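The values are calculated or read from the model by the stated rules, or taken from the named source; none is laboratory data. Computed from a prediction, not measured in an experiment: that's the story for all the values here. All Cβ positions, glycine included, derive from the backbone under ideal geometry; neighbour counts span all protein chains shown. Surface accessibility is based on the protein's heavy atoms, side chains included, excluding ligands, DNA and RNA. Shrake-Rupley method; radii C 1.70, N 1.55, O 1.52, S 1.80 Å.
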2 protein chains.
Amino acid sequence: MKMTTSNTANINTRLSHLQEETKFSISVDCVIFGYDTSKLKVLLIDCNMPPYVGQKSLIGELLEARETTTQAAKRILKNCTSLKDLYLEEVSVYSHPDRHPLGRVVTLAYYSLISITEYEKHIEDVENKRPEWIELEQIKDLAFDHQKILRDAYNRLQRTVREKPIGFSMLPKKFTLIQLQNFYETVLNIELDRRNFRRKLMALGLLIDLKEVQNNVSHRPAKLYSFDFEKYKQKQNIGTLNFEI
Amino acid sequence: MKMTTSNTANINTRLSHLQEETKFSISVDCVIFGYDTSKLKVLLIDCNMPPYVGQKSLIGELLEARETTTQAAKRILKNCTSLKDLYLEEVSVYSHPDRHPLGRVVTLAYYSLISITEYEKHIEDVENKRPEWIELEQIKDLAFDHQKILRDAYNRLQRTVREKPIGFSMLPKKFTLIQLQNFYETVLNIELDRRNFRRKLMALGLLIDLKEVQNNVSHRPAKLYSFDFEKYKQKQNIGTLNFEI
DNA sequence: AAGCTTTGTGTCAATTTAACACAAAGAATT
DNA sequence: AATTCTTTGTGTTAAATTGACACAAAGCTT
């Protein structure tokens, strides 16, 4: 009996909460990483909202009435890259009450990895502005709290790239082992021994030797490989696969 | 010039967004883990909201007007445990439009670790209900999407406990090496070799030998240790400390 | 043909991990 | 008081992994 009354009271409390309590604008911001000739880059747009006019910002949108934050992130990515099925990972929530000059906006940040080459094929403007690839190392003073978001996203990328083969979505479909090594060296900001790196990667058994070589290079051409996503899925299902670099 | 007009247009667009567009209730849900005699437990309350009456749920509250989600999580933890400075880690956002029966509520999940012994000293009711410790293994059919939240939180806990010494906040201040080993075996759901475990832990140099032993045990009493948080902080600042178990 | 640049490859030492058995401490029992 | 019981505490060895390191081969350029 007691339970029943207490139940009712509680439902009412909750109902009134939902009706009367504070509601929030929610946005989704995307850190879009790309990789090109040993540089990690991020797709940014000009911010024209005071007091951040002249600074760059991440690409974001407000969450719509009936979409999940993930759906919103995919929508944003599709709008600005025309690419689908991109790798997408949640970074964190940013909810400081004063983080946005126009009022309270709670934002969810995601990061995504794309091939700059593929991107170049279908460039799209965002809010009538052309997004730009900026080298990660040169990015500073982003608008809002986007510098912190970027830092967090990069940390997440560094962690995940060590554990999962997500890097391949930033590389060309056919790549050389040296390109792959350069990629890891750039993203992780470390140096790797060429022979040991090759040994490790080949030992994973997930690279397909395409029996092709580079051409138009003025030195010994390197062999081309592609990543065996199918085999990776299978191994993943069977047991624990660790992709430690 | 063009830039200027385009800027203005954009600010207006954004302003109207914030004023008119959909706003959302945001809640924060806490997965509160505790550990007791080789069992991992979670603090749950009865849910009395249809259609989930009779089921258990995580402890959560709506986000208030001027607090961050982290602050909200701390408020919730303080309310239901009277404990402060608990370990707290973000899990994920849950934003399916139909996840809540009373309307759209986007939730941020956090998990936290507490010592059940400390908790027992200051038990607090939540919404006039007494939360209960339930063994993780026995938890099923939680209300809302809380089962998924719990799964995600446990995954995060398993990952973090391998990398950082967060487990010590769930153990008594003085513990034996066997207790510590049992803790890791329970949380990670694996078996560890006693000798190798001891060697590894002692090699970290972060356990303080208290020169005390258990008493009132009907066998050889084990030595007691405590964790050297100070030294850990220092080592963390100096270089890369990995706490791999 | 010689030279240049970059690729491709194997071994060995050092370190780390995994497996494993028996003596010692104290309480309980006889 | 001696024996038994349970659990703690400890060291060695083999196997696997990692890190360091140098030279020949391929193709383009001159």
Can you pull out every residue in the stretch A:54-72 that is more than 16 Å from A:Arg130 (Cα to Cα) and in a loop (DSSP other than H, G, I, E, B)?
A:Leu63, A:Glu64, A:Ala65, A:Arg66, A:Glu67, A:Thr68
So is A:Gln214 outside the structural domain of A:Arg159 (by TED's automatic domain parsing), open to solvent by 30 Å² or more (accessible area, probe 1.4 Å), in contact with a Pro (Cβ under 9 Å, 6 or more places away or on another chain) and within 16 Å of DNA strand D (Cβ to nearest atom) or not?
yes
Among the residues of the stretch A:19-53, the number that are in a loop (DSSP other than H, G, I, E, B) and without any contact (Cβ under 8 Å) to a residue 40 or more places away in the chain is 6
Please go through (1) among the hydroxyl-bearing types (Ser, Thr, Tyr); (2) touching a residue at least 12 places away in the same chain (Cβ under 8 Å); (3) not assigned by TED's automatic domain parsing to the domain that holds A:Cys30 for A:Tyr110 and return the number of the only condition it doesn't satisfy.
(3)
Which listed residue, of A:Asp228, A:Asp141, A:Asp209, is assigned by TED's automatic domain parsing to the domain that holds A:Gln55 and either touching a Pro at 6+ places or on another chain (Cβ under 8 Å) or away from DNA strand D (no atom under 12 Å from the Cβ) (or both):
A:Asp141
Looking at the structure I just gave you, is B:Lys148 more than 22 Å from B:Ser115 (Cα to Cα), under 15 Å from the mean Cα position of the chain (by Cα) and assigned by TED's automatic domain parsing to the domain that holds B:Gly54?
yes
Quick check on the stretch B:124-146: of everything there that is acidic (Asp, Glu) and surrounded by 13 or more Cβ atoms within 10 Å (Cβ to Cβ), which residue is modelled with the highest pLDDT?
B:Asp145
Every pair of residues 6+ apart whose Cβ atoms lie under 9 Å, when the first sits in the stretch A:170-192 and is within 14 Å of another protein chain (Cβ to nearest Cβ) and closer than 13 Å to A:Leu207 by Cα while the second is of a type in the set (D, E, K, R) and within 16 Å of DNA strand D (Cβ to nearest atom)
none
Here are B:Gln158, B:Gln179: which of them is open to solvent by 50 Å² or more (accessible area, probe 1.4 Å) and among the polar types (S, T, N, Q)?
B:Gln179
Residue count, the stretch B:182-200, condition within 12 Å of DNA strand C (Cβ to nearest atom) and either in the same structural domain as B:Ser38 (by TED's automatic domain parsing) or crowded, with 17+ Cβ neighbours inside 10 Å (or both), comes to 1
(1) in a helix (DSSP H, G or I); (2) among the polar types (S, T, N, Q); (3) within 12 Å of DNA strand C (Cβ to nearest atom) all hold for A:Ser218 apart from (1)
Only residues that are assigned to a helix (DSSP H, G or I) and small (Gly, Ala, Ser): list them for the stretch A:194-214, please.
A:Ala203
Hey, does the stretch B:159-172 have a residue that's within 14 Å of DNA strand C (Cβ to nearest atom) and in a helix (DSSP H, G or I)?
yes
Checking A:Ile114 against (1) surrounded by fewer than 19 Cβ atoms within 10 Å (Cβ to Cβ); (2) out of contact with any Lys or Arg (no Cβ under 9 Å at 6 or more places or on another chain); (3) outside any loop (DSSP other than H, G, I, E, B), which single condition isn't satisfied?
(1)
Report yes if B:Gln181 is of a type in the set (S, T, N, Q), in contact with a helix residue (DSSP H, G or I) (Cβ under 8 Å, 6 or more places away or on another chain) and within 26 Å of B:Lys41 (Cβ to Cβ), otherwise no.
yes
What is the residue count in the stretch A:47-70 for residues that are surrounded by fewer than 18 Cβ atoms within 10 Å (Cβ to Cβ) and either on the phi > 0 side of the Ramachandran plot or more than 11 Å from chain B (Cβ to nearest Cβ) (or both)?
2
If you scan the stretch B:23-46, which residues turn out to be of a type in the set (D, E, K, R) and surrounded by fewer than 24 Cβ atoms within 10 Å (Cβ to Cβ)?
B:Lys23, B:Asp36, B:Lys39, B:Lys41, B:Asp46
Take A:Phe183 and decide whether it is assigned to a helix (DSSP H, G or I), closer than 24 Å to A:Leu136 by Cβ and within 11 Å of DNA strand D (Cβ to nearest atom).
no
Conditions (1) within 14 Å of chain A (Cβ to nearest Cβ); (2) more than 15 Å from DNA strand C (Cβ to nearest atom); (3) surrounded by fewer than 18 Cβ atoms within 10 Å (Cβ to Cβ); number of the one not met by B:Ile149:
(3)
Scan the stretch A:214-237 and report the pairs whose first residue is touching a residue at least 40 places away in the same chain (Cβ under 8 Å) and whose second residue is near DNA strand D (Cβ under 7 Å from one of its atoms), with Cβ atoms within less than 7 Å and a gap of 6+ or a chain change.
A:Ala222/A:Val213; A:Lys223/A:Val213; A:Leu224/A:Val213
